[in-house]
Amino acid sequence: MNSIAIVGAGLGGLACARVLQLHGLDVTVFEQEPSADARPQGGTLDMHGDTGQVALRTAKLLDEFRALARPEGQQMRALDPRTAEVVIDETPEGDFRPEIDRGQLRGILLDSLAPGTVRWGRAVADVAGARLTFADGASHDFDLVVGADGAWSRVRRALTGVRPGYSGVTFVEFGLDDADRRHPELAARTGQGTMMTKVGGKALVAQRTSSGHIRCYATFYAPEDWAAGLDFADAAAVRAHLLERYAGWHPDVLAYVRDHDGGFTHRPLYVLPVPHAWTTTPGLTLLGDAAHLMPPLGVGANLAMLDGTELATALATAPSVEEAVRAYEAGMLPRSIETAKACASGLHDLLSDDLGSMAA
Ligand SMILES: Cc1cc2nc3c(=O)[nH]c(=O)nc-3n(C[C@H](O)[C@H](O)[C@H](O)COP(=O)(O)OP(=O)(O)OC[C@H]3O[C@@H](n4cnc5c(N)ncnc54)[C@H](O)[C@@H]3O)c2cc1C
């Protein structure tokens, strides 16, 4: 095999590149962002024993993960939104789903790659067969192009042309900095992991990260254009909107919104149709969100990494690229269809009034 191009240096693409290099295969990752730290990498992820941790074991990075992971971050609390009382408080034993900051996990993967593997600032503009054309007009041919380029994948356009649709649910993200010192009551209310409270098709989720930051998500059913009149650069206006939307909730719960630091980020949730599948095509395949964008209920990063490491192992062991891709897709597609179906109903559980269904 000569050359493999991975489009996208997210968790899935990097996991794939790492395992390809463990097997001595030639791989280049093309990433549109100018550098590894071009933007904050977001909150915390839980790595599941049957997916993300399997990928980390295949990538021989489980020890590096364990050195940074937070088993205590598995704590799950549910609060009654009308009284702020803790209704459920559970912490699973052992390393069931330890949490790690997304930035730390990406750092582990990046550090594991040979220098120069990731070409930063190389946005792919067009894909035709296994030929990539970059934003600067240059083109290159490869034996295989792997689309690890996330929700709005360019590579997917060459394979299925399917675009994600709005799920009917939106997230508004915000945060509390240095929470133990600056917001001790909210820090105590959140615990060491995830706090959730919900009623009437609205939820509020707060999650600790390693740095003492608490990342919060106001989650609710809304039409796609619900924020048309709202300027997200105007934090006071967004805060006022959310406080009105969550009116009637206990003041101690609304304090997450009232006392936040910084701004708000609008994250409408888009999903690919289920099933999203394709006929094996020479020279092209997809992994992660590019293949199966689903609601963020704690599985997307895990599946992206598992996809990446399984594809790499298949490429290292199958007699040809085509057979490797066929074998990989034969496992990945049914798994992702099954998980996407579960996530679609999980999204509605997340917004149900049942505090016992704490999908996150
Ligand atoms: C708010 C939120 C919370 C989440 N929480 C969790 C969680 O707790 N657990 C979990 O497992 N999952 C979670 N997810 C889902 C998870 O983030 C994604 O499923 C995962 O990041 C997908 O990884 P990926 O490698 O497929 O794509 P991405 O991480 O999206 O990476 C794609 C990369 O491709 C690059 N790219 C895109 N287009 C191009 C182009 N044309 N040329 C070159 N590069 C390009 C992008 O810049 C990016 O770096 C969450 C998602 C959200 C939105």
Members of the stretch 135-151 that are open to solvent by less than 50 Å² (accessible area, probe 1.4 Å) and either over 26 Å from residue 282 (Cβ atoms) or within 8 Å of the ligand (Cβ to nearest atom) (or both):
148, 149, 150, 151
Looking only at the stretch 38-61, count every residue that is more than 8 Å from the ligand (Cβ to nearest atom) and at pLDDT below 90 and tell me the total.
4
Single residue of 83, 91, 117 found to be away from the ligand (no atom under 15 Å from the Cβ), touching a helix residue (DSSP H, G or I) at 6+ places or on another chain (Cβ under 7 Å), at negative phi and among the hydroxyl-bearing types (Ser, Thr, Tyr)
91
How many residues of the stretch 163-175 are touching a helix residue (DSSP H, G or I) at 6+ places or on another chain (Cβ under 9 Å), more than 12 Å from the ligand (Cβ to nearest atom) and part of a strand (DSSP E or B)? The answer is 1
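Enumerate the helices (runs of 4 or more DSSP H) found wholly within the stretch 1-69, keeping only those where 2 or more residues are within 14 Å of residue 315 (Cβ to Cβ).
Ranges flagged: 11-22.
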Go through (1) in contact with a Leu (Cβ under 7 Å, 6 or more places away or on another chain); (2) open to solvent by 20 Å² or more (accessible area, probe 1.4 Å); (3) among the basic types (Lys, Arg) one by one and return the number of the condition residue 154 breaks.
(1)
Helices (runs of 4 or more DSSP H) contained entirely in the stretch 264-360, each with at least 1 residues that are out of contact with any helix residue (DSSP H, G or I) (no Cβ under 8 Å at 6 or more places or on another chain):
321-350
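Taking the criterion of being assigned to a loop (DSSP other than H, G, I, E, B) and charged (D, E, K, R), would at least one residue in the stretch 151-162 satisfy it?
No, the stretch 151-162 contains no residue that is assigned to a loop (DSSP other than H, G, I, E, B) and charged (D, E, K, R).
Consider the stretch 274-289. How many of its residues are surrounded by 23 or more Cβ atoms within 10 Å (Cβ to Cβ) and either away from the ligand (no atom under 13 Å from the Cβ) or farther than 14 Å from residue 14 by Cα (or both)?
Residues meeting the conditions: 1.
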Give the residues of the stretch 244-263 that are surrounded by 14 or more Cβ atoms within 10 Å (Cβ to Cβ), assigned to a helix (DSSP H, G or I) and touching a helix residue (DSSP H, G or I) at 6+ places or on another chain (Cβ under 9 Å), sorted by residue number.
252, 253, 254, 255, 256, 257
Please work out which residue is nearest to the ligand (Cβ to nearest atom), limiting yourself to the stretch 1-37 and to residues that are within 20 Å of residue 282 (Cα to Cα) and modelled with pLDDT under 95.
3
Specify which of the listed residues (84, 69, 15) is over 18 Å from residue 206 (Cα atoms), of a type outside the set (D, E, K, R) and in contact (Cβ under 8 Å) with a residue 40 or more places away in the chain.
15
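Does any residue of the stretch 311-321 turn out to be within 16 Å of the ligand (Cβ to nearest atom), closer than 15 Å to residue 51 by Cβ and either surrounded by fewer than 21 Cβ atoms within 10 Å (Cβ to Cβ) or at pLDDT 95 or above (or both)?
The answer is yes; a qualifying residue exists.
Evaluate the stretch 228-236: report whether one residue or more is in a helix (DSSP H, G or I), within 21 Å of residue 43 (Cβ to Cβ) and either open to solvent by 20 Å² or more (accessible area, probe 1.4 Å) or aliphatic (A, V, I, L, M) (or both).
yes
The values are calculated or read from the model by the stated rules, or taken from the named source; none is laboratory data. Values in this document were obtained by computation on a predicted structure and should not be read as measured data. A quick note on method: Cβ atoms are made from the backbone with ideal geometry, for glycine too, and the neighbour counts reach across all protein chains shown. Only protein heavy atoms, including side chains, enter the accessible area calculation; ligands, DNA and RNA are left aside. Shrake-Rupley method; radii C 1.70, N 1.55, O 1.52, S 1.80 Å.
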